[in-house]
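Worksheet for the structure shown next.
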Amino acid sequence: MAKKIFYILLVLFAILQLFQPDRNLSSENLKTELANHYAIPDSVEVLLNTTCYDCHSNNTDYPWFVNVQPIGWYVQSKINKGKAKLNFSEFANFDKKEAADKLNDIENVMNKNSMPINAYSWYNKDAALTIEQREMIAKWAANLSKQILKDSTAVLNPNSSLYKATN
């Protein structure tokens with residue numbers, strides 16, 4: 001009887017593998033990308049790319065185990081939730097108030113050490129931020145938020161169309 005249950009579970013597991021979630025993959029460099037719109041220090045941009053963009057952009061670098069279901073469904077659900085909360089690929093679509101609020105959220109999660117989530121840090125060792133790195137991101141987010149609300153063109157990326165239109 002135990003053997004029969006094992007084979008049934010094995011067949012069910014094999015069938016689950018046929019149902020893969022859609023992937024969050026885009027090679028397009030959008031004009032609405034945060035770095036294409038606002039000037040970001042290189043040190044902060046590197047940290048955002050290695051710790052945030054997998055769940056908070058339109059392109060995810062997936063680990064091998066997402067091909068195994070139901071793990072892949074779980075990971076994709078976390079990515080979808082992350083993008084719904086904040087999507088760096090579409091950051092320039094936010095109005096000033098919403099952009100400032102998102103940056104304040106970034107500052108708060110860095111100060112509270114609540115991002116990235118533990119499951120992500122477990123398989124992506126580069127996502128384990130030091131206190132100094134968290135402080136750097138929090139300070140950058142707070143400063144950019146204030147400057148956006150002041151409507152300062154100083155925060156714009158010099159290559160952005162908005163920067164060129166104001167100068």
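What follows draws every value from the coordinates through simple rules; no lab data is involved. The model shown is predicted, which means the values in this text are computed figures rather than measured ones. All Cβ positions, glycine included, derive from the backbone under ideal geometry; neighbour counts span all protein chains shown.
Residues with amide H under 5 Å of residue 57's amide H, sequence separation 5 or more or different chain, H placed in the peptide plane at 1.01 Å from N; which?
Correct list: 88.
Arrange the following residues from fewest to most other Cβ atoms within 10 Å of their Cβ: 90, 132, 33, 98.
Result, fewest neighbours first: 132, 98, 90, 33.
With viscosity set to 0.692 mPa s at 37 °C, what whole-number translational diffusion coefficient in µm²/s follows for the chain from Stokes-Einstein and a Kirkwood radius over Cα pairs?
Stokes-Einstein gives a translational diffusion coefficient of 185 µm²/s.
Using Cα-Cα distances under 8 Å and only pairs 6 or more residues apart, what relative contact order does the chain have, in percent?
28 percent
Amide H neighbours of residue 38 under 5 Å, at least 5 residues apart or on other chains, H built in the peptide plane: list them.
157
Assuming R0 = 22 Å, what is the FRET efficiency of residue 114 and residue 84, from their Cβ-Cβ distance, to the nearest 0.05?
0.85
Quick one: 3J(HN,Hα) in Hz for the stretch 97-112, Karplus 6.51/-1.76/1.60 with θ = phi - 60°, rounded, Gly and Pro as x.
Working through the residues one at a time gives 5, 5, 4, 5, 4, 4, 5, 5, 4, 4, 4, 5, 5, 5, 5, 8 Hz.
What value, in deg cm²/dmol to 500, does the helix sum -39500 (n - 2.57) over DSSP H runs of n ≥ 4 give at 222 nm once divided by the residues of the chain?
Rounded to the nearest 500, the figure is -17000 deg cm²/dmol.
Mean shadow of the stretch 43-127, computed from the convex hull of its alpha carbons, in nm²?
One quarter of the hull surface, i.e. the mean projection, equals 5.7 nm².
What's the tally of Lys pairs in the stretch 1-119 whose alpha-carbon atoms lie under 22 angstrom apart, where the two lysines are 8 or more places apart or on different chains?
Lysine pairs meeting the criterion: 19.
Would you mind computing, in nm to one decimal, how far apart the modelled labels at residue 65 and residue 7 are, each placed 7 Å from Cα along Cα→Cβ?
3.0 nm
What is the local net charge at residue 150, summed over the other residues whose Cβ is closer than 14 Å to its Cβ (Lys, Arg +1; Asp, Glu -1)?
On the way: positive: 96, 97, 146; negative: 151.
With Lys, Arg at +1 and Asp, Glu at -1, the neighbours total +2.
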